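*Asks:* The structure under discussion is supplied below as structure tokens; questions concerning it will follow.
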Amino acid sequence: MKLSPDHLAPPSHPVARLPEEWVAKAKEWGEPGYRGEQIFDWIHRQGILDPAEMSNVPKALRARLEDEGLGWPIDVVSRHTSDDGTEKLLVGMPDGERVETVLIPQLDDPSIVTQCISSQVGCAMGCVFCASGVAGLKRQMSDAEIVAQVLLGRRELGEGRRVRNVVFMGMGEPLHNYDAVARALVLLTHPGGLDLSKRRVTVSTSGLVKQIDRLGKDFDGQVQLAISLHAVRDEDRSAIMPINRKHDLAELTNALRRYPMSKRQRITIEYTLIRGVNDSPRDAKGMVELLEGIPVKVNLIPMNPISASSLRAPDTSHVTRFQDELTRRGLSVFIRKTRGDDVAAACGQLAFHGESRRSKQPVN
């Protein structure tokens, strides 16, 4: 299914309009429809959000765009570069809220970059090993704020470097902000704009089952799915991931079996190894049994330290033994190399700056 504006929530900001919405808006203003396509091209292909710089747009229309508020919905507050080349951007929004997005250069070709983007200010999921989850949810991010992270990342990279992969693995639970994320996905992959391949866009979720089904239907399974698993028995997973009390492992794995995929496609299983919690041979055996029949690849992530928790990663030899046990039982397993931990940009370390308060929004 190709999502059209009729199937999406309305855009929250001019940056989040699709080409056909810009065409309709141009006509509403008494302009020819192609002016709307030009504006979309400026924003999403050329990365120009200042109407004054849109040189082929008539002056009167540029003034109208300024009056409507077209411009950057976010901007860089600070930038931190890791010893390994990873760059963490602290991004500010007009209401004073801040989130983080991370640019991760490919090790063998630093000109190719994966960008990790945020979808919420904080997170309501409450996972005990994640700084965003411990902090709680302050608010949802808008569709424009989400997609503008990638536009901003491209601007910050400059010539000769490009964002090729986008992963929704930053702050927040993407599927808890489904409408905004869905519109952002359409914008990021639109052939008239950034034109990212859906195969190079990954949405990570802690396990919101209804939204997993919706994502599979809305995008025909073409968007890559990653599951934050982190435990293989309900009692263990519920202790570290409260979402499991609502959607248990049986419900989650059934949703994974329903997710539409091509023959070569696999779901990524993210598994944060926590010393003494989920790193035993019994856990490895349980993972194999739990995922039987589901096409997956497993990313093992030694837990990155966060200040709000005393939990820690196993030592390196223990991580390798866990990988070997899974591989011996037939799973495809990788150990994720830690990137950006010296600037608190590694997996699980992103946290918003400001007052922490829990959200009262329901999690469906």
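Residues checked against (1) under 26 Å from residue 295 (Cα atoms); (2) charged (D, E, K, R); (3) surrounded by fewer than 22 Cβ atoms within 10 Å (Cβ to Cβ):
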| residue | (1), (2), (3) |
| --- | --- |
| 144 | no, no, no |
| 164 | yes, yes, yes |
| 179 | no, yes, yes |
| 185 | yes, no, no |
| 236 | yes, yes, yes |
| 239 | no, no, yes |
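*Asks:* Mind checking which residues of the range 254-306 are of a type in the set (Val, Ile, Thr) and either in a strand (DSSP E or B) or modelled with pLDDT of 95 or more (or both)? Outline the logic, then answer.
*Replies:* Step one: filter the range 254-306 for residues of a type in the set (Val, Ile, Thr), giving 267-269, 272, 274, 277, 288, 294, 296, 298, 301, 306.
Within the range 254-306, 267, 268, 269, 272, 288, 294, 296, 298, 301 meet the criteria.
*Asks:* So is residue 221 closer than 20 Å to residue 179 by Cα, touching a helix residue (DSSP H, G or I) at 6+ places or on another chain (Cβ under 6 Å) and either charged (D, E, K, R) or not in a helix (DSSP H, G or I) (or both) or not? Talk me through it step by step, then tell me what you get.
*Replies:* Values: closer than 20 Å to residue 179 by Cα: yes; touching a helix residue (DSSP H, G or I) at 6+ places or on another chain (Cβ under 6 Å): no; either charged (D, E, K, R) or not in a helix (DSSP H, G or I) (or both): yes.
No, not satisfied.
*Asks:* Restricting to the range 11-35, give me the number of residues that are in contact (Cβ under 8 Å) with a residue 12 or more places away in the chain, more than 15 Å from residue 56 (Cβ to Cβ) and assigned to a loop (DSSP other than H, G, I, E, B). Please lay out each step first, then the result.
*Replies:* Residues of the range 11-35 that are in contact (Cβ under 8 Å) with a residue 12 or more places away in the chain, as a first pass: 11-24, 26, 29, 31, 35.
Still in the running and more than 15 Å from residue 56 (Cβ to Cβ): 11-21, 23-24, 29.
From the residues that got through so far, the ones that are assigned to a loop (DSSP other than H, G, I, E, B) too are 11-13, 17-18, 29.
Adding up the residues that qualify gives 6.
*Asks:* Tally up the residues in the range 61-83 that are crowded, with 17+ Cβ neighbours inside 10 Å and either within 19 Å of residue 113 (Cβ to Cβ) or aliphatic (A, V, I, L, M) (or both), please.
*Replies:* Residues in the range 61-83 being crowded, with 17+ Cβ neighbours inside 10 Å and either within 19 Å of residue 113 (Cβ to Cβ) or aliphatic (A, V, I, L, M) (or both): 5 in total.
*Asks:* How many residues does the range 100-136 hold that are within 12 Å of the chain's Cα centre (by Cα) and in a strand (DSSP E or B)? Outline the logic, then answer.
*Replies:* Of all residues in the range 100-136, those within 12 Å of the chain's Cα centre (by Cα) come to 100-102, 114-120.
Next, only the ones that are in a strand (DSSP E or B) stay: 100-102, 114-116, 120.
Qualifying residue count for the region: 7.
*Asks:* Tell me, yes or no, whether the range 207-216 has at least one residue that is farther than 24 Å from residue 146 by Cβ and of a type in the set (A, V, I, L, M, F, W, C). Give the steps one after another, and end with the answer.
*Replies:* Keep residues of the range 207-216 that are farther than 24 Å from residue 146 by Cβ, which gives none.
So far as the range 207-216 goes, no, none of its residues is farther than 24 Å from residue 146 by Cβ and of a type in the set (A, V, I, L, M, F, W, C).
*Asks:* Continuing with this model, one more query. Is it the case that some residue within the range 166-177 is farther than 18 Å from residue 206 by Cβ, assigned to a strand (DSSP E or B) and open to solvent by 30 Å² or more (accessible area, probe 1.4 Å)?
*Replies:* Here is the first cut: in the range 166-177, the residues farther than 18 Å from residue 206 by Cβ are 166.
So of that shortlist, the ones also assigned to a strand (DSSP E or B) come out as 166.
Then keep just the ones that are open to solvent by 30 Å² or more (accessible area, probe 1.4 Å); that gives none.
No: the range 166-177 contains no residue that is farther than 18 Å from residue 206 by Cβ, assigned to a strand (DSSP E or B) and open to solvent by 30 Å² or more (accessible area, probe 1.4 Å).
*Asks:* A follow-up question, please. Given the criterion in a helix (DSSP H, G or I) and surrounded by fewer than 23 Cβ atoms within 10 Å (Cβ to Cβ), identify the matching residue among 139, 154. Steps first, please.
*Replies:* Details: 139 fails: in a helix (DSSP H, G or I).
Exactly one of 139, 154 is in a helix (DSSP H, G or I) and surrounded by fewer than 23 Cβ atoms within 10 Å (Cβ to Cβ), namely 154.
*Asks:* On to the next question. Name the single residue that is farthest from residue 185 (Cα to Cα) among those in the range 41-60 being in contact (Cβ under 8 Å) with a residue 24 or more places away in the chain and buried (at least 19 other Cβ atoms within 10 Å of the Cβ).
*Replies:* Step by step, filter the range 41-60, then rank; the result is 49.
*Asks:* With the checklist (1) open to solvent by less than 20 Å² (accessible area, probe 1.4 Å); (2) out of contact with any strand residue (DSSP E or B) (no Cβ under 9 Å at 6 or more places or on another chain) in hand, flag the one item residue 245 doesn't pass.
*Replies:* Going through (1) open to solvent by less than 20 Å² (accessible area, probe 1.4 Å); (2) out of contact with any strand residue (DSSP E or B) (no Cβ under 9 Å at 6 or more places or on another chain) one by one, residue 245 breaks only (1).
*Asks:* For residues that are over 20 Å from the mean Cα position of the chain (by Cα), of a type in the set (D, E, K, R) and crowded, with 17+ Cβ neighbours inside 10 Å, scanning just the range 257-306, find the one that is nearest to residue 331 (Cα to Cα).
*Replies:* Checked the range 257-306; the qualifying residue nearest to residue 331 (Cα to Cα) is 283.
*Asks:* On to the next question. Tally time: how many residues in the range 307-333 are open to solvent by 60 Å² or more (accessible area, probe 1.4 Å) and outside any helix (DSSP H, G or I)?
*Replies:* 7
The values are calculated or read from the model by the stated rules, or taken from the named source; none is laboratory data. Values in this document were obtained by computation on a predicted structure and should not be read as measured data. Every residue, glycine as well, gets a Cβ built from its backbone with ideal geometry; the counts of neighbours run over all protein chains shown. SASA here: full protein model, heavy atoms, side chains in, ligands and nucleic acids out. Shrake-Rupley method; radii C 1.70, N 1.55, O 1.52, S 1.80 Å.
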